[in-house]
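So the structure is just underneath, and the comments pick up after that.
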């Protein structure tokens, strides 16, 4: 079974809203919303991967903070480890890969359709309130 390690960020604006990115057409789970991030490359730390992915996808310089949650999700072909961290950033996030972005108030996160591994992250964030 293929193993995939993905890192994602909880990015907050000055109003406390959380940034979500919409998966683009042609990708698995297209149209669903997710926390921005991406795959950890071989010999790359999760922190370095998250900084790299946020620069590539959003054009921001990020500083990785505390762990929010790790989620394991399996389907018929792969085992995914989703490693979600708080992160601060400099710059203005832009969808450099054509993805839509939305700043979402915490209490409205559950209204956005998300891939199954992202849903426990929303529950964990809501439980922190």
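Derivation of every value follows stated rules applied to the coordinates shown; laboratory data play no part. Model, not experiment: these values are computed from the prediction. Positions of Cβ are backbone-derived with ideal geometry, glycine not excepted, and every protein chain shown enters the neighbour counts.
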Response to the item:
Taking the alpha-carbon centre of each part, the distance from the stretch 47-108 to the stretch 20-36 in Å is 12 Å
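When DSSP assigns beta bridges and you keep just the ones with both residues in the chain, what percent turn out antiparallel, to the nearest 5? Present the calculation step by step, with values, prior to reporting the outcome.
Details: 21 of 31 bridges.
Given both bridge residues lie in the chain, the antiparallel proportion sits at roughly 70 percent.
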Item to complete: Rank by packing, highest mean first: peptides 73-83, 1-11, 15-25, with packing defined as the count of other Cβ atoms within 10 Å averaged across residues.
Response: 1-11, 15-25, 73-83
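Determine the relative contact order of the stretch 2-127: mean sequence separation of Cα pairs under 8 Å and six or more apart, normalised by residue count, in whole percent. Could the numbers behind the result be given before it?
Numbers: 257 pairs, mean separation 40.6, N = 126.
It rounds to 32 percent for the stretch 2-127.
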Worksheet item: Rg and Dmax of the stretch 82-129, using alpha carbons, in Å: what are they?
Response: 12.3, 32
Discussion item. Give me the extension gain from residue 103 to residue 48: residue separation times 0.36 nm, minus the current Cα-Cα distance, reported in nm with one decimal.
Written reply: 17.4 nm
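Largest first and in whole Å, what are the equivalent-ellipsoid semi-axes of the chain based on the Cα gyration tensor, each being the root of 5 times an eigenvalue?
On the way: eigenvalues 80, 60, 48 Å².
Here the semi-axes work out to 20, 17, 15 Å.
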Practice prompt. Sort 44, 28 so the one with the fewest other Cβ atoms within 10 Å of its own Cβ comes first.
Written response: 28, 44
